[in-house]
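Just below is one structure, and these are the notes that go with it.
Every number here is computed from the coordinates shown, using simple stated rules; none is lab data. These numbers come from a predicted model, not from an experiment. For neighbour counting, all protein chains shown are included, and Cβ atoms are generated from backbone atoms with ideal geometry for every residue, glycine included.
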Amino acid sequence: MISFPREVRTLGAAVRYLRLARGMTLRAVAKAAGISAPFLSDIEHNRRGVSDKFGKLAAVLGTTNAELDRFRLTADIAEWIKSEPEVLELLRNIKRSARDPGEINRILFSPVRYGR
């Protein structure tokens, strides 16, 4: 799992971070991924989403779809949130708590250790 800096919070920021960390230009990444440089710029500035070229872009950036999916609200998740009021309320409560979502995730999904 890639350890992104705390300020990387969006798909665009993640793409830009990975591109710069690899010393690649916007044009080089765009060409390798089969998209235009303006399209990649729009992705990096969160003005566009990535669809059919998502896997190729991840590969060019040296990562996986799963790593970049951490920053993307997919249609299935958006639909789940819309159809389950409890999920929406949970997200609102997390936001109101001002706690770090990563901390909440670790609490919810870390194995409980007994003893030591």
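Backbone phi angles across the range 24-30, fed through the Karplus curve with coefficients 6.51, -1.76 and 1.60 (θ = phi - 60°), yield HN-Hα couplings of 9, 7, 4, 5, 5, 5, 4 Hz in residue order; Gly and Pro are listed as x. Here ASP76 and MET1 are evaluated by their C-beta separation; at R0 = 25 Å the FRET efficiency comes out at 0.70.
Taking the Cα centre of the chain as origin and assigning +1 to Lys and Arg Cβ atoms and -1 to Asp and Glu Cβ atoms, the resulting dipole is close to 460 debye. Between GLU103 and ASP52, the modelled labels are 4.5 nm apart [label points 7 Å from Cα along Cα→Cβ]. Ordering LEU73, SER83, GLY102 by the projection of their Cα atoms onto the charge dipole of the chain, which places +1 on the Cβ of Lys and Arg and -1 on the Cβ of Asp and Glu, puts GLY102 at the extreme positive end. On full extension, the segment bounded by GLU67 and ILE94 gains 7.5 nm, given 0.36 nm per residue less the C-alpha separation.
For LYS56, the lysines whose Cα comes closer than 16 Å to its Cα, not counting residues fewer than 8 places off in the same chain, are LYS31. By the helix-only formula, in which each DSSP H run with n ≥ 4 contributes -39500 (n - 2.57) and the sum is divided by residues, the chain has a 222 nm mean residue ellipticity of -17000 deg cm²/dmol.
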